[in-house]
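Participant: One structure follows; several queries about it will come next.
The values are calculated or read from the model by the stated rules, or taken from the named source; none is laboratory data. Quantities reported herein were computed from a predicted structural model and do not represent experimental measurements. Here the Cβ positions follow ideal geometry from the backbone for every residue, glycine too, while neighbour counts run over all protein chains shown.
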Amino acid sequence: MFNLIFTLPKKTKKHFNTFSMNTGLNKSRYYYDTLRSSDLFKNISHESLYKLLEISTTEYLPKHSCKINEDSTLYKFYIIISGKVKIYNVDSHNNRQITLFLLKDKDVFDTIALLDGYNHHIYCETLEPTEVLSIPIFKMRKWMKENPEINTALLRYFVKKMRQLETYAVDVTLESISTRLAKLLIKHMNTSSNKIEFINDLSHDELAGLIGTTRAVLNRHIQRFKAKGILKFSRKYIEITNLQRLKNQINDHTLAFDQTQKMESKK
């Protein structure tokens with residue numbers, strides 16, 4: 001990255017220098033490298049990426065911050081550099097929450113408000129100290145017009161999130177709690193160590209929100225999994241001790257569901 005700066009065109013170097021004056025040289029390289037390694041920005045030219053950094057502002061959000069909200073996303077577009085952000089909705093009558101997404105580094109928010117310009121009724125909360133780049137929404141839209149190649153990448157990103165949401169909706173509606181929990185653990189399991197990553201440090205309340213249930217119900221299923229020798233579970237540590245038994249939690253429910261469907265069709 002250091003050598004790259006001196007081989008850039010004069011105009012491009014100007015954009016980099018402007019951003020570096022505000023953030024520091026090392027940080028500028030870090031932000032550039034983070035964006036360059038993301039699927040969303042990997043095909044953007046050096047000059048355009050530096051222009052994006054030039055119109056960006058660094059923001060540091062403490063844990064449990066709700067600074068990113070439905071009002072702020074009307075005026076700002078966010079690129080997550082590091083940290084973890086929960087996107088959720090809540091029933092004001094019973095205070096039940098459902099977590100729609102967990103965003104991490106290289107994710108962006110809010111693509112819906114960016115594209116349609118309307119208020120998006122959603123809640124956000126940082127689950128750990130989080131660093132973001134915020135961009136005024138009108139400047140982001142102008143940058144997109146100047147760099148139309150971002151549209152294909154943004155569409156792919158959006159479709160990926162919608163597929164995740166579709167899968168989640170099906171699971172919450174049709175699958176048992178045991179199956180949902182098993183799928184969640186397998187999704188975030190490191191196949192080399194069998195340890196759970198990314199969600200391992202979440203509270204039981206947060207884990208419950210990820211599968212659309214309550215803390216009490218989640219705890220009962222965790223205890224059942226532990227009793228069956230499926231996992232070890234302690235503070236900020238989850239390890240799968242019997243992967244096949246964990247997979248059976250999914251297979252057994254699928255088989256039972258298929259049998260029920262066959263019985264219903266014969267009536």
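Participant: Please specify each residue of region 143-196 satisfying the condition of being touching a residue at least 60 places away in the same chain (Cβ under 8 Å), within 22 Å of Phe77 (Cβ to Cβ), assigned to a helix (DSSP H, G or I) and more than 16 Å from the chain's Cα centre (by Cα).
Facilitator: Trp143, Glu146, Ile150, Ala153
Participant: Right, next: Look through region 36-59, keep the residues that are under 13 Å from Leu133 (Cβ atoms) and of a type in the set (S, T, N, Q), and return whichever of them is nearest to the chain's Cα centre (by Cα).
Facilitator: Out of the qualifying residues, it is Ser38.
Participant: Name the residues in region 218-237 that are over 22 Å from Leu165 (Cβ atoms) and of a type outside the set (Lys, Arg), would you?
Facilitator: Within region 218-237, Asn219, His221, Ile222, Gln223, Phe225, Ala227, Gly229, Ile230, Leu231, Phe233, Ser234, Tyr237 meet the criteria.
Participant: Next question. Is there any pair linking a residue in region 68-81 that is not assigned by TED's automatic domain parsing to the domain that holds Tyr32 and modelled with pLDDT under 95 to one that is buried (at least 20 other Cβ atoms within 10 Å of the Cβ) and assigned to a loop (DSSP other than H, G, I, E, B), with Cβ under 8 Å and at least six apart or on different chains, and which?
Facilitator: Every condition considered, the pairs that remain are Thr73/Asp110.
Participant: Look at Ser28 and say whether it is of a type outside the set (D, E, K, R) and assigned to a helix (DSSP H, G or I).
Facilitator: The answer is yes for Ser28.
Participant: Moving on to the next point. Which residues, taken from region 48-82, are surrounded by 17 or more Cβ atoms within 10 Å (Cβ to Cβ) and among the acidic types (Asp, Glu)?
Facilitator: Once the filter is applied, which keeps residues that are surrounded by 17 or more Cβ atoms within 10 Å (Cβ to Cβ) and among the acidic types (Asp, Glu), region 48-82 yields only Glu54.
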